[in-house]
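The values are calculated or read from the model by the stated rules, or taken from the named source; none is laboratory data. Quick caveat: nothing in here was measured; it's all calculated off a predicted structure. Heads up, the Cβs are rebuilt from the backbone with ideal geometry, glycines too, and the neighbour counts pull from every protein chain shown. Protein only, heavy atoms only, side chains kept; ligands, DNA and RNA dropped before computing areas. Shrake-Rupley method; radii C 1.70, N 1.55, O 1.52, S 1.80 Å.
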Amino acid sequence: MTVSKEYLANAEPEKPNQRFGTRHYIVFMLFLGMANAYVMRTNMSVAIVAMVNQTAIEKDAEVFDDECPDTDYGEDTHDSGQDGEFIWSTSMQGYILSSFFYGYVITQIPFGLLAKRYGAMRFLGWGMLINSVFAFVVPVAARQGGAGWLIAVRFIQGLGEGPIVPCTHAMLAKWIPPNERSRVGSIVYSGAQFGTVISMPLSGLLADHGFDGGWPSIFYVFGIIGTVWSIAFLLTCHEDPVTHPSIREDEKKYIQQSLWGNASVHIPPIPWTSIAKSLPFYAILLAHLGQNYGYETLMTELPTYMKQVLRFSIKTNGVLSALPYLAMWLFSIVVGWVADWMLTSGRVNHTWTRKISNSIGQYGPAIALIIASYTGCSRALTVAILTVGVGLNGGIYAGFKINHLDITPRYAGVLMAFTNCSANLAGLLAPIAAGNIIEGKPTIAQWRIVFVIAACVYLFTATFYNVFASGARQFWDDPENDEPQKPSIEAPSHSEANGNNGTTLTHRTVNEQTS
């Protein structure tokens, strides 16, 4: 008995009528994991303001532009972090803030490869547990060991968070049917914005009113939350539907039929040569590079522009600082649902759905950056553009971000590890480029160069994606082309022992034949 690939590809799997299935619980936990990861990533930027004794630091006079008039609003006259415990220079603060990201970047590819070989769930859970547990060590390291020990602890936290993106992608590939990927991917990865929205104001409150001096409570509270999530994830989640002990049979059948049964079959070695020649892969890679460069410019440089040129600091207003992230979170979910509706309606295929979503997500911010560079001294308009630009950026989650799963479900985690590592390195270039362009002369004209460069990066990478991207599963990840596996010697089944000539096929045997 064999089941052809064409049958599985063209037949409509019967969708379970349950409103909340096991796969939805997995999605919910992955969403919380992504939110927790971004909380751990961003909480230090808030805490360090309260940790440093600002009045004791000899600071260079910040250069301001005089093209726009000064304001009597937008600046915080009360700095709760003015009398912090530590005397760290601005450069030392930069080393502390960046130490997490160095650990995060270098583990992307190793964990992507390990997840492909050994499974993603445990690497994700244990990595985030390490990240969360070491959050408790942050106050002790800072107070007892100084900046050096703090940098080491944050570096280890970054190492622990390394599996979050590639392993999340690998699990989505095993749990989510193709026509649900847009909204599910948008929901899961929008956890990043949700975590940021929660982290920024809550960290500020804890720094002002928390226990043990204020700022340590940031790491204790979020450390507890992260530890609870990690333990719950390890105890209640499973690698795929086949290994899950309590998933309903109709839901497991629906997922496996939608994915050609790939959640349970042997995965052959990674086809490196074919991947290296794949234009759809390079389309995703360049889109990811452009996204991180543009996003870092959009989120880190526009507030600096508003402070130096417009004399208005958006970072001092908790609501305004969280508004762009909130807009991106909500819009990404909307785009995800619309994208899946386009697919299930049969009007648009996967390729065009990804390209349309990604165009919104990258052309939108590009236009916003260009407009922002010509708004002059209009503060309200700049804030509005910042919010709209970042909000539209949410389209990328139903675009290139989930596209790995379309072209190669079995190697999606590996490919995401490579693109995410490269993209994070590209993102580091944005503040470096901006700093060199505006150094000593933060005029509107110089800042316009910064914004236009980022917009051009967005436009080029998005256009390359539109030309070469694909939503079709690539030939080098076609299970029909796999080398046949040697049959394992198994004990005869009950039916064979009773003379049924072996006509009863086990669930595993059917899966192997469909692969």
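Here's a check for you: in the range 386-409, which residue that is open to solvent by 20 Å² or more (accessible area, probe 1.4 Å) and more than 19 Å from the chain's Cα centre (by Cα) is modelled with the lowest pLDDT?
The extreme case among them is 387.
Which of (1) of a type outside the set (Asp, Glu); (2) more than 27 Å from residue 412 (Cα to Cα); (3) at pLDDT 85 or above; (4) surrounded by 22 or more Cβ atoms within 10 Å (Cβ to Cβ) is the odd one out, the single condition residue 233 does not satisfy?
The one condition residue 233 does not meet is (2).
Looking at this structure, is residue 373 open to solvent by less than 10 Å² (accessible area, probe 1.4 Å), out of contact with any Gly (no Cβ under 7 Å at 6 or more places or on another chain) and of a type in the set (S, T, N, Q)?
yes
Residues checked against (1) in the same structural domain as residue 112 (by the TED database); (2) at positive phi; (3) at pLDDT 75 or above; (4) not β-branched (Val, Ile, Thr):
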{"site": "243", "(1), (2), (3), (4)": "yes, no, yes, no"}
{"site": "246", "(1), (2), (3), (4)": "yes, no, yes, yes"}
{"site": "249", "(1), (2), (3), (4)": "yes, no, yes, yes"}
{"site": "254", "(1), (2), (3), (4)": "yes, no, yes, yes"}
{"site": "257", "(1), (2), (3), (4)": "yes, no, yes, yes"}
{"site": "267", "(1), (2), (3), (4)": "no, no, no, no"}
{"site": "288", "(1), (2), (3), (4)": "no, no, yes, yes"}
{"site": "294", "(1), (2), (3), (4)": "no, no, yes, yes"}
